[in-house]
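Report on the following structure.
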Amino acid sequence: MDSLGPGNSSSASEPGRARARRLRTPAILYAIALLVVLAFLFALGNRNFLSAYNLNTIASYAAILLVVGLGQMCTILVGGIDLSVGGLMSFISVLFVVTVKVIGFWAFPLCLVTGALVGYINGNILTRIKIPSFIATLGTGGILMSLALLVSPLPVVAPAALYGVLDIVNGSFLRVGNLLVLTLLIFVVYYILLRFTVSGKSIFYVGSNITMSWMSGIDITRTRNLAHILSSVGASLAAIFLSCGQYGGDPSLGKVYILNSIAAVVVGGTALTGGTGGPVNTLIGALVLAVMENGMNVVGVNAYFQQSILGAVIIVSVFLTFDRTKVSMIK
Amino acid sequence: MTTEKKEPMFELRGITKSYPGVVALDAVDFVVSPNEIIGLVGENGAGKSTLMKILIGLVQPDAGTLTLRGRSVTLKDPADAMRYGIGMVFQDGSLVPNLSIMENLFLCHEIGFRKFGFLSRRAMRETARGMLERVMVSEDQDTRIAEVTPAVRQMVEIARLLWLSRLYGQANPILILDEPTTVLTEGERDTLFAILQSIKKEASIILISHRLQEVVENSDRIVILKDGRNVTEMPASGAQITDIEQQMVGHAFTADRYLEDEQIVPDDEEKVLEVQGLAKRGAFEPISFFVRKGEIVSLVGLVGSGKEEVCRCVNGLAKADAGTVILGGKKLTPGSPSDAVASGQGHIPIDRRSEGLALGMTVAENVNLLVLARLRSGLLVSPARERNNATQWIEECRIKTPSAGTLCANLSGGNQQKTVIAKWLSSQVKLLVLDHPTRGVDVGAKDDIYRLVRKLARQGIGMLVMCDTLEEDLGLGNRMLVMKDGRLVGELDCPPKRKPSPKDVIGLIV
Amino acid sequence: ATGGQEQKGPTTLAISIRTLSNPYQNNYKVGAEAFGKSVGLPVDVLTTEANSQKGITDIKAEVAKTGGNVVFFIDPNEETDDVAIAKILDQAGVYFLTWWNKPADVKVWNFKHWVAHVSFDGIAAGYFTGTELFKSFRTPNKGKVFAIQGLLANTPAAERFQGLQKALAENTGVELVQWVAGDWDRTKAYNQTREMLIAHPDIDGVWCANDDMAMGAIQALKEAGLAGKVLVTGTDGIPELFDAIKAGTAAATVMNDAKYQTGLGLAMSLAAKQGKLDVAAQPQKYRQFEIPAVNVNKANVDQIVHDYLDSTPNYDFSNFFAKWSVAIP
Amino acid sequence: MTGLREKVEGGKRAGGRIRIMLPLGTAGAWLRRAGVSGQILSLIIVIAIFAIGTRGRFLSPANLQVILSLAAIPTIIAVGVHQVVVLGGIDLSVEGVVALCVVFVGLLLRNKFNANDVGLWILPITLGLGGVAGFVSGICNTKLRIPSFIGTLGMSWILWGLAVFVSRGQTVALLDTRFQELVTGTVFGIPLIALIALALVVFLQIIQDRTRFGRYLYAIGGDEVLARQAGVNVTRIKIVVFTLAGFFYGLAALFLSTRLGSSQAITGNNLLFPAVTAVAVGGVALTGGIGGAKNAALGALIVTALNDGLILLNVNPYAQEAVNGVVLVAAVALTIDRRKLGFIK
Ligand SMILES: Nc1ncnc2c1ncn2[C@@H]1O[C@H](COP(=O)(O)OP(=O)(O)OP(=O)(O)O)[C@@H](O)[C@H]1O
Ligand SMILES: Nc1ncnc2c1ncn2[C@@H]1O[C@H](COP(=O)(O)OP(=O)(O)OP(=O)(O)O)[C@@H](O)[C@H]1O
Ligand SMILES: [Mg+2]
Ligand SMILES: [Mg+2]
């Protein structure tokens, strides 16, 4: 039973090769295509969709989602989840405005450090007390929510005298909003951290196979703590940006970001099982959500249907962006 | 052997299957006759497992025809194949970890145990006990699979296959065993082959193995695959192992398989690893030994002899109750693998899929895991250096992969093993613990691994090995430590060309 | 940015509200559409869904959509949204009016296009329902009361609760035994009332921050056989609660006429845009003011149902300040 | 043997394996084997703390009745969610499905809004509606290969939008009181609705323990790829599980709206997090493969008892979230069997 002639066998593998090439098209390309199609449709519906003013609007909305999403992404990549972002954002929002009244600019570093500390605590509840991150962060989220109400039971408004400090975020330089510049900076920092540093890359290894990582000497405790710190810092930054933008703190500001941050991450194609995905995915996720949110209003979709359409679009989006070659099972 | 004259049971013609970047099978023909054992051999990645997955409907071929008992068939899924009387023991195990032995035994085939729609536990228990006795598994059938040894799992899989072949009452079922012996001891192996020979009377068996010896001894016909194509087939009687190797790999092998010529004489003074009075209750009694620079020490003993636990304590995966592990003059923190790794200890685990690799990541990412810090330029890891390091080690270890960016999950078992080895070799270790380094690895790759092991020894790396076979232990090692019932019972010197014979060692082991 | 452009075509009337999933908020839409029809202009509805950022972004999207040819009625998600919204709309040259939420030290007259901020007096509402509730006790103005607040951290919720406390201060015979946060959720209020009845079986009344929660509380009292004996109050004025007042299970509510709110808001903003209302020339008392809500109790419930539910009132928006009651400092 | 067990447990010696030795002999052993000993223990602790704190009032028959009656609907929902979690997925569609079902209950039963009156037919209608929604989620997950998190989240948004549109944001008062009596009635002092929930839990638990469906459910949760290899029809089981979950939500919707005697889309709000919390507190591993209906039910009971106790103790509402959070973490610290979970994620 010898093998068949060479001519025969090579012709048999032709379709196989074509298939191989097709499957290698990165999912990211589909996602970008989706964005382009959406933008095209919206622009068709209303020319103003592509106006500089509106693009700026979309960018500012996506910016917040991106910043909290980048953080959330870190915990998801490492194989966990962070549900405390809601409570934390509420807490940081009021803390920021209350402290900015007293210490001015120094409220920025103070809030970031507080956020990092919360992340460190979240991490340690997971890694030392061994409570699954889902429960641990659900719990700390509740505690932070109460803390937010303790700092200020009602929204606090920043006095006009302090607008100068808050405009560090709100202002613009050469017609580009500082918020966008800062967000871009944060994106680059997270990107470099995750793709080009040993600690950041460890997040992917731990998320992909924690037993192997442990046995290979990766400090899994430190890595998971780091992921939680990155998450909380992202949420804190987003809360600060929001509070600056609204010139006030709001103890109920965070709630909607629990689900929205996860959605931004997952819509971009990062797997909840951990290990696959990344900052670019989150960027796309945030953009898809922002473009939809904005576009539906710009073309005047009936408010009754917006939620439904958004639901359908995120399903379609994940259908396109999710890289199924990297996960053996869809959970 | 008169197999040639029989009507074929199952005929596969022109089977072609490609994956992104690879053509796994290229117009392969494969015929199964009744009552025969076919030995299917080939290099890692030759396409053996893929062909078998097509045989049981887990993978659909891109092209080709399947003819079963004279009728053309398409197999939707494994359950479908099972109804036609085709079953398989998978290379990487197929038992669900969170279910019990019994539940796994009957998974998907519980029909016989139904009473008013509910499953009768008693009936299941009784049948299970009978089946387990047949393969000599003494574990309680309610133990979860996650808690039993690989050997027990393997036997449970075989028991499952036996039971299924009986259940559907298909005349002459086809049983596929993909590398069933890698985790078995010699004794268990003998049991397995005895069972196979006895059921051959009513079944066809396809046996995949990289241990050509057992293939030649136990099969009737040998089929060789190379690069996804049929190379040749031959009757097993009278087949020469060297000949098969030649056909599989394309070149002949030297007689000095374990490169004993290159075995170095370690310097007495420089000890890489010193284990002093290490003890763990219930696992092993106080044990002291050392590994010198460039020395290969093989650790042998039966299952339960405690050698594995000793290694886990040395690796920091488990905490010993007493004693110290000193690596390169530094006392290791007990129970800290990261300290062990940071101090220069490497560990190639027995279970590559769950302990050795990040399957969802690329070959390059896996290879570079341990050396990222070294691949930095400035503060950041340099992608160019990453690429270079990965390519270098892929070549060095001859990992057969379409590219460095291929996902590990898509490599063949043997190439996955080579990836794990490459990962540790690329990091500069002082001591390497090799737990069955050649498990599931083809002859060519084995050669590569032996070569690498010798090279490392020359570089002064000490090694502690536990091998698949006693021959390998003897061939590779400078010295052999023998454990029995948690105690060190013997130490043998294994100088090149004057190695002790396996018989000498077995006396100590059992 | 787009304010300076030449604007052709009809002006869009836009409302930014919290949600369409609750009857009170949904009436904003009804009122806006009725007004839109009366002036022959298109209406757009934006919802914040409890997300300030979404609210602000949607407003910007609406500005982009219409090229700035739009006027707004806005019920901000939180009072902290106001400054951001004001800055955005001022820059875009879009006239708007806000309702309910505004920080005390942010002044409307500092913004050229912020036509006015109008509100109902939340404290008065809580005070009215509180005193009505106390009157319904077996021994009037003497007994125990249980309170279900709205969402903590929400300004109207806090104001109404403040009103209740004012009523408590005046009625020393009444004791507030316990209060909880019902998050505006009917099911939650039902659960809490049932649990509270274990802790305080001798309760005399249940004060709720809105009607939805009041309906939940009434249901729990019904199951305990206390409906009609222990009364409940709410705020908003939903039809079910009017029925409950008629049936004697609720004591009072305060009706906020959402249709009038949107009508007035859009009318003023539109007038400003069309140059019929000179915003800058208005005295401060006409830029920040309250209008009275409709207090409903057993005595007037039939009349109110007749006026507002059975027939749609004929609103007159020619005099914007017809209902003006007090300036907000 | 020991070696492998060690490997399975790898790297988590610290957090301690709290072996609970209940002084109950065989019953204790049974509980341990059934994987609910930890949950029972935390329930007992919660009860003990509140019983002492309220000087026994917490344990009064009246309060127990309240707890059982209030736990029933969360139990039904949690039981629906938990099977999806056992599969290794998550079902976020609860709120949307309930919202839509509630709205249809309001518009189809005898009500104040229109002339419809389908009477008892409402039961198959809501169950069917929920089931269809679950079925579609299942198709999304299996056929379109969309992770359940997004598929069900999208589904929830879609249905939620529909519910608001269909109801136009209005509240519909129900006039048909038959179901209400069913929901509020008691049998020997035990709320009927609690008995219904209990019956569902027992029924499902038996299915999980004693049928092929149950076996396959856990096989998929343990390792989907291996289950498929073994011949499990993964797609079918998954679709069935999502559909079943939809049935449960439909039933919960019917009970929710009839108990309140009204129907509005927002009745669906605030149901998801408590349900998922209950599932997790009950000891169902979010990684899949572990925990059954009894776990979900116990989790719902613990969460309900906790809320009830906090009100009886008159804990400051501002601090309630914090107390909830602390208790949640503490309860899980006691309940989860870390031995079975490997690395905690
Ligand atoms: N799911 C898959 N995706 C992509 N490539 C695959 C997949 N499965 C197998 N391959 C590729 O197909 C080829 C044949 O693999 P197969 O597993 O059949 O080899 P094998 O002969 O069983 O090797 P081994 O002896 O190492 O087990 C390999 O090159 C492998 O990388
Ligand atoms: N009965 C025997 N005859 C010959 N050699 C033996 C026998 N038992 C064990 N050995 C040798 O002793 C060494 C240990 O083998 P064994 O398969 O028990 O390893 P193990 O790592 O304990 O197994 P596993 O982890 O797969 O259960 C091997 O080199 C093996 O060849
Ligand atoms: Mg193979
Ligand atoms: Mg072995």
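Throughout, read-outs are computed from the coordinates displayed, never taken from laboratory work. Computed from a prediction, not measured in an experiment: that's the story for all the values here. Virtual Cβ from ideal backbone geometry, glycine too; neighbours counted across all protein chains shown.
Just how large is the dipole of chain A about the Cα centre, in debye to the nearest 20, putting +1 at every Lys and Arg Cβ and -1 at every Asp and Glu Cβ?
Numbers: 18 positive and 8 negative charges, 109 e Å.
In total the dipole reaches around 520 debye.
Check D:THR186: other-chain or 5+ apart residues with amide H under 5 Å from its amide H, H built from backbone geometry?
Close amide H contacts, sequence-distant or interchain: D:LEU192.
Check which residues have an amide H placed less than 5 Å from C:THR47's amide H, if you skip close sequence neighbours.
Correct list: C:ILE17.
As a test, work out the antiparallel percent of DSSP beta bridges whose residues both lie in chain B, rounded to the nearest 5.
Values: 45 of 79 bridges.
Expressed as a percentage, antiparallel bridges in chain B total about 55.
Is there a quick way to get the dipole size of the stretch D:35-336? I mean about its Cα centre, with the Cβ of Lys and Arg at +1 and of Asp and Glu at -1; what is the value in debye to the nearest 20? Intermediate results must be reported in sequence, preceding the final value.
Values: 16 positive and 10 negative charges, 81 e Å.
With Lys and Arg at +1 and Asp and Glu at -1, about 380 debye.
For chain A, what class follows from the C-alpha gyration tensor (a ≥ b ≥ c being the square roots of its eigenvalues): rounded when a/c is under 1.5, otherwise prolate if a/b is larger than b/c, else oblate?
Working: a/c = 2.32, a/b = 1.38, b/c = 1.68.
It comes out oblate by the Cα gyration axes.
So if I take the centroid of the Cα atoms in the stretch B:396-474 and the same for the stretch D:276-318, what is the distance between those two points in Å?
49
Quick one: which residues, 5+ away or cross-chain, put their amide H under 5 Å from the amide H of C:TRP184? H built at 1.01 Å from N.
C:LEU151
Once you average over the residues of B:23-35, how many Cβ atoms of partner chains fall within 10 Å of each Cβ? Please list the in-between numbers first.
Numbers: counts 7, 2, 3, 9, 10, 4, 4, 1, 1, 0, 0, 0, 0.
Per residue, the average neighbour count from other chains is 3.
Taking 41 Å as R0, compute the FRET efficiency from the Cβ-Cβ separation of C:GLN303 and C:ASN110 and round it to 0.05. Could the numbers behind the result be given before it?
Working: r = 42 Å, r/R0 = 1.01.
The pair C:GLN303/C:ASN110 has a calculated efficiency of 0.50.
Quick check: pseudo-label points 7 Å beyond the Cα along Cα→Cβ at C:SER38 and B:VAL489, how many nm apart are they?
About 10.2 nm separates the two model spin labels.
Shielding by partners for B:316-325, please: the mean number of other protein chain Cβ atoms within 10 Å of each residue's Cβ. Don't jump to the answer; show the numbers that get you there.
Numbers: counts 4, 8, 7, 2, 0, 0, 0, 0, 0, 0.
Going residue by residue through B:316-325 and averaging, the value is 2.
To the nearest Å, what is the center-to-center distance of the stretch C:134-188 and the stretch A:191-253, using C-alpha atoms only?
Using only Cα atoms, the two centres lie 44 Å from each other.
For the protein assembly as shown, what proportion of DSSP beta bridges, expressed in % and rounded to the nearest 5, is antiparallel? Each step should come with its number before you reach the end.
Numbers: 60 of 132 bridges.
The antiparallel proportion sits near 45 percent.
If I model a spin label as a point 7 Å beyond the Cα along the Cα-Cβ vector, how far apart are those points for A:TYR53 and B:THR232 in nm?
About 8.2 nm, to one decimal.
What is the spin-label model distance, in nm, from B:SER403 to B:ARG385 if the labels are put 7 Å beyond Cα along the C-beta direction?
2.4
Can you give the FRET efficiency for B:ALA151 and D:LEU123, using 1/(1 + (r/R0)^6), R0 = 45 Å, r = Cβ-Cβ distance, to the nearest 0.05? Mind showing how you got there, number by number?
Numbers: r = 54 Å, r/R0 = 1.20.
The value I calculate is 0.25.
So how do B:GLU103, B:GLU7 line up by other beta-carbon neighbours within 10 Å, fewest first? Before the final figure, lay out the partial values.
Details: B:GLU103 24, B:GLU7 8.
Neighbour counts put them in this order, fewest first: B:GLU7, B:GLU103.
Can you give the FRET efficiency to the nearest 0.05 for B:THR469 and A:ASN124, using r as the Cβ-Cβ distance and R₀ = 56 Å?
Working: r = 46 Å, r/R0 = 0.83.
After rounding to 0.05, the efficiency reads 0.75.
Around C:GLY248, under 11 Å between beta carbons, what's the net of Lys plus Arg minus Asp minus Glu among the other residues? Intermediate results must be reported in sequence, preceding the final value.
On the way: positive: C:LYS229, C:LYS246, C:LYS298; negative: C:ASP243.
Counting the neighbours of C:GLY248, the net charge comes to +2.
Can you tell me the dipole magnitude for the stretch B:408-483 around its Cα centre, using point charges on the Cβ only (Lys, Arg +1; Asp, Glu -1), in Debye to the nearest 20? Spell out each step's value before the answer.
On the way: 10 positive and 8 negative charges, 84 e Å.
Its charge dipole is roughly 400 debye.
Which residue fluctuates the most in chain C, going by a Gaussian network model with Cα springs under 10 Å, if the choices are C:ASP236, C:ASP307, C:ASP211?
Comparing C:ASP236, C:ASP307, C:ASP211 in a Gaussian network model of chain C, the most mobile one is C:ASP307.
Quick check: the distance between the Cα centres of the stretch C:211-270 and the stretch C:1-79, to the nearest angstrom?
One Cα centre to the other: 27 Å.
Within 10 Å of each Cβ in peptide B:360-366, how many partner chain Cβ atoms are there on average? Round it to a whole number, please.
Values: counts 14, 10, 1, 0, 0, 4, 5.
Across B:360-366, the average partner-chain Cβ count within 10 Å equals 5.
For the protein assembly as shown, what does -39500 (n - 2.57) per DSSP helix run (n ≥ 4), summed and divided by total residues, give at 222 nm, in deg cm²/dmol to the nearest 500? Display every interim value, and only then the final one.
Working: 56 runs with 777 residues, N = 1515.
My calculation for the protein assembly as shown gives -16500 deg cm²/dmol from helical runs alone.
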